[in-house]
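Chemist: Okay, here's the structure, questions in a sec.
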Amino acid sequence: MKEDIIFNLKQVHDRIEQACKNSGREVSDVQLLLATKTVPAGSIRIAIEAGETLIGENKMQEFRDKDSELKDLNIERHFIGHLQTNKVKDVLKYVSCIQSLDRLSLAEELHKQLQKENRTIDVFIQVNTSFEESKFGLSPTKVIPFIKEIRKYDTLKIKGLMTIGLLDVEKEKMRPSLQLLRKVRDEIYDAKIENLTDLKLSMGMSQDLELAIAEGSNIVRIGTSIFGNRFLGKEIWNENIAE
């Protein structure tokens with residue numbers, strides 16, 4: 001298992017490097033996030049000890065269940081799944097960033113809890129750029145009004161936008177949903193919202209990381225290409241399906 005994970009990590013980094021070269025971008029501009037949904041703590045440890053530093057989980061329970069086995073490691077943790085408001089207090093124990101902020105009620109609950117803890121947190125706004133009912137996220141046209149609304153919550157530090165692009169066997173059918181996230185970011189810049197000048201894009205997974213990097217992604221979230229297929233045909237990116 002260890003040899004497989006280390007080999008797979010090298011393959012993924014090679015893909016990232018080649019995608020950056022093809023797009024005229026610096027490799028340092030793209031960060032690898034290990035998508036560790038259902039991945040055992042032992043496998044995560046192998047990847048971290050091989051040099052990785054960033055993991056993302058879709059469920060608070062997985063952070064909790066794996067914490068005792070990983071707490072000795074220097075890991076940055078992001079939450080990348082749909083976050084229920086009643087799990088906010090618990091998930092904040094583990095993460096430095098919420099990549100899936102998609103509604104005002106969640107922003108309010110995060111702010112309330114963060115005020116109690118006298119801290120701030122980084123957030124990415126999740127955008128549904130594929131317009132699929134199986135995915136959460138704001139409509140692209142609602143992103144700027146949403147940002148203006150949550151600016152009153154000074155505990156939330158907006159760092160970027162996140163999307164789960166359309167997955168298809170034909171790569172060019174996936175590109176428009178990735179291009180759209182970049183377009184939304186450009187519209188935010190055009191709106192000249194104060195202090196929002198360096199927004200990152202979190203998009204791209206095992207199937208579409210090259211396209212995502214070509215369209216400006218700064219964080220690619222990779223699981224299957226590193227840890228193997230853990231889902232046996234399940235519709236992994238239907239966020240409405242409970243695991």
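The values are calculated or read from the model by the stated rules, or taken from the named source; none is laboratory data. Remember, predicted model here, so these are calculated numbers, not experimental data. No Cβ is skipped: glycine too gets one built from the backbone with ideal geometry, and neighbour counts run over all protein chains shown. Note: accessible area is taken over every heavy atom of the protein model, side chains too, but ligands, DNA and RNA are not part of it. Shrake-Rupley method; radii C 1.70, N 1.55, O 1.52, S 1.80 Å.
Chemist: Name the residue that is nearest to Asp67 (Cα to Cα), counting only residues in region 1-41 that are open to solvent by less than 50 Å² (accessible area, probe 1.4 Å) and of a type in the set (Ser, Thr, Tyr).
Modeler: In this case the residue turns out to be Thr36.
Chemist: Right, another one. Please determine, by comparing only the residues of region 47-94 that are among the β-branched types (Val, Ile, Thr), within 21 Å of Met205 (Cα to Cα) and open to solvent by less than 10 Å² (accessible area, probe 1.4 Å), which one is farthest from the chain's Cα centre (by Cα).
Modeler: By that ranking, first place goes to Ile55.
Chemist: Ok, one more. So, in region 3-41, how many residues would count as being within 20 Å of Phe79 (Cα to Cα) and without any contact (Cβ under 8 Å) to a residue 40 or more places away in the chain?
Modeler: The total comes to 2.
Chemist: Applying the selection to region 149-175, what residues are in a helix (DSSP H, G or I), of a type outside the set (Asp, Glu), open to solvent by 60 Å² or more (accessible area, probe 1.4 Å) and free of Cβ contacts under 8 Å to residues at least 40 places away in the same chain?
Modeler: Lys173
Chemist: Of the numbered conditions (1) assigned to a helix (DSSP H, G or I); (2) buried (at least 19 other Cβ atoms within 10 Å of the Cβ); (3) free of Cβ contacts under 8 Å to residues at least 40 places away in the same chain, Val123 fails exactly one; give the number of that condition.
Modeler: Single failed check for Val123: (1).
Chemist: Scan region 1-30 for residues that are part of a loop (DSSP other than H, G, I, E, B) and modelled with pLDDT of 95 or more and report the count.
Modeler: Residues that pass the stated criteria total 4.
Chemist: If you don't mind, there's one more thing I want to ask. Just checking, does region 131-142 include any residue being β-branched (Val, Ile, Thr) and surrounded by 13 or more Cβ atoms within 10 Å (Cβ to Cβ)?
Modeler: Within region 131-142, none of the residues are β-branched (Val, Ile, Thr) and surrounded by 13 or more Cβ atoms within 10 Å (Cβ to Cβ).
Chemist: Within region 97-104, is even one residue part of a loop (DSSP other than H, G, I, E, B), under 19 Å from Ile5 (Cβ atoms), in contact with a strand residue (DSSP E or B) (Cβ under 6 Å, 6 or more places away or on another chain) and open to solvent by 10 Å² or more (accessible area, probe 1.4 Å)?
Modeler: The answer is no, given that none of the residues of region 97-104 is part of a loop (DSSP other than H, G, I, E, B), under 19 Å from Ile5 (Cβ atoms), in contact with a strand residue (DSSP E or B) (Cβ under 6 Å, 6 or more places away or on another chain) and open to solvent by 10 Å² or more (accessible area, probe 1.4 Å).
Chemist: Another question, then. Determine which member of the set Val220, Val143 is under 15 Å from Gln99 (Cα atoms), in contact (Cβ under 8 Å) with a residue 24 or more places away in the chain and either assigned to a helix (DSSP H, G or I) or acidic (Asp, Glu) (or both).
Modeler: Val143
Chemist: Do we have any residue at all in region 190-198 that's crowded, with 20+ Cβ neighbours inside 10 Å and either of a type outside the set (A, V, I, L, M) or without any contact (Cβ under 8 Å) to a residue 40 or more places away in the chain (or both)?
Modeler: No, there is no match, as no residue in region 190-198 is crowded, with 20+ Cβ neighbours inside 10 Å and either of a type outside the set (A, V, I, L, M) or without any contact (Cβ under 8 Å) to a residue 40 or more places away in the chain (or both).
Chemist: For region 158-214, which residues satisfy the criterion of being farther than 27 Å from Ser96 by Cα and among the charged types (D, E, K, R)?
Modeler: Across region 158-214, the qualifying residues are Asp168, Glu170, Lys171, Glu172, Lys173, Arg175, Asp190.
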